[in-house]
Structures are given as C-alpha cells and as structure tokens.
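The values are calculated or read from the model by the stated rules, or taken from the named source; none is laboratory data. As the structure is a computational prediction, the values presented were derived from the model and not from experiment. With ideal geometry, Cβ positions are generated from the backbone for all residues, glycine too; neighbour counts draw on all protein chains shown.
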Amino acid sequence: MNRAVERILSTLRRAPGLTKEEIAERAYVSLNTLSGGGYLKTMRREGLIFISGWQRNGGGGFTTPLYSLGAGPDYPKPEVGEANRDAPGMTRLLEVIEKYGPIDYRQAAKLSGLSLNTVKNSDYLDALLVQGKIHISGWRRARNGPMRAVYKTGAREHEPRLLPYTPAEKSRTCRWRQAVATNAASFAAQFMIKSGSTR
C-alpha cells in the first residue's frame, strides 16, 4: 500500500463522508492524481472505501459522491423529485411568502426578484406544497385568465379552488362594475358642483 492510499484512508478514518476535493486537500494528494490515477476507483473495487452518500449541487440535484471507509455497498444516487427538491429559488420564495403572505405567484416573483417565467415554469411552488412548507390559503379571480392560488407558509389543508363564473355571473359582474364606475363619476361631478370647484 503506497503512502497516498494510507493518507486517504487515514483522512477518511478521521472524517468520513468527504468529497474527492476534500479528500485531496486533507490527504495532500492532487485532485488529478486522485481521479486520473484511479485511486478512488481502485480503493472502492478492493473494498477499502465506498460511496456513503451524495451532496447536492447548486441546482438541487445530487451529483457529488461522498466517500467513507468500508466495503460498501455504494449508496445509490437519490432521484430528485418534488418531495426532496431543493434550490436557492425555492428558499427565496419561501422567505417572501413567510414575510408577505398570503400572496400569489405573481407577487412572489416580484418580491423574490425571480422572473415571472421562472416561478411559473420551475415548479418551485409545487415542490414547496408537496414538502408541506406552504399551503394554498385561498384563490384570486383574475379579470382575464385562470384563477390564481394564494400561498401562505405552513402545512395546512388547501382551500378548494373556486368554481369559474357562469356566463350569467360574468354578465352580472360586468354590469355591477359599470354601475360602480358610473356612480363614482356622477358622485365626483356632484361633489365638484357643491364645493364650487367647477369652472
């Protein structure tokens, strides 16, 4: 057994669960020697070390193996799904929902500094829902387009989605808005006459 292998084993004995970069730094072996020389592969084949876990990358996936002493079996690479997904964008969304909620995805995008398309298409909010970190506390009707969920932190039962307006309800709502606008304009005109503000 050469000295580099001895140093690697000694390093993992003191601190199991290290990346190859951490092993190289602590065992004083160059990263090129460690990977290119096949040390880790040979040591795994001989049952000296095994993959004991996986580290997340910046995008939330598991790509970096962690090594420990022992004869395996290697820990399988976890699949990334909604239940274990993690990303910086999710953390930012959770923070703004906690601070400003209840809010919808448009407000969450604006307050978090993420683009509307990122929040809409990344499924970050769906992952936070599955993980029980947020819940749907209500729904907002949009003038145009589908209703939008309103999010709040915590694992609670989701508010059921509102039924879409019937054609009769849409017509009634439109007439009501027009009446309110007409009455508001009429009231403003009357107020100006009574206060002598007309010219």
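Annotations
- Total residues in segment 36-56, condition exposed (fewer than 15 other Cβ atoms within 10 Å of the Cβ) and on the phi < 0 side of the Ramachandran plot: 7
- Whichever residue in segment 154-183 is aliphatic (A, V, I, L, M) and either in contact with a Ser or Thr (Cβ under 7 Å, 6 or more places away or on another chain) or assigned to a helix (DSSP H, G or I) (or both) and, among such residues, is nearest to ILE136 (Cα to Cα): ALA168
- In segment 17-47, residue nearest to ASP74 (Cα to Cα) [restricted to those that are part of a helix (DSSP H, G or I) and among the polar types (S, T, N, Q)]: THR42
- Check on LEU93, outside any helix (DSSP H, G or I) and either under 32 Å from the mean Cα position of the chain (by Cα) or under 30 Å from TYR151 (Cβ atoms) (or both): no
- In the condition set (1) surrounded by 13 or more Cβ atoms within 10 Å (Cβ to Cβ); (2) acidic (Asp, Glu); (3) farther than 17 Å from TRP54 by Cα, GLU22 is compliant with all but (3).
- Yes/no for ARG7 being at pLDDT below 90 and in contact with a Phe, Trp or Tyr (Cβ under 8 Å, 6 or more places away or on another chain): no
- Within the option set LEU40, LEU31, LEU12, being more than 12 Å from TYR67 (Cα to Cα) and of a type outside the set (S, T, N, Q) holds for one residue only, LEU31.
- On the stretch given as segment 58-79, residues that are outside any strand (DSSP E or B) and surrounded by 11 or more Cβ atoms within 10 Å (Cβ to Cβ) total 9.
- The combined condition, being in contact (Cβ under 8 Å) with a residue 40 or more places away in the chain and not in a helix (DSSP H, G or I), is not fulfilled by ARG106.
- Which listed residue, of THR42, THR64, THR33, THR11, is closer than 30 Å to ALA127 by Cα and β-branched (Val, Ile, Thr): THR64
- The set of residues in segment 105-157 being closer than 20 Å to GLU95 by Cβ, surrounded by fewer than 14 Cβ atoms within 10 Å (Cβ to Cβ) and small (Gly, Ala, Ser) consists of GLY113, SER115, GLY132, GLY154, ALA155.
- Being assigned by TED's automatic domain parsing to the domain that holds LYS133, under 21 Å from VAL130 (Cα atoms) and not acidic (Asp, Glu) is a description that does not apply to ARG56.
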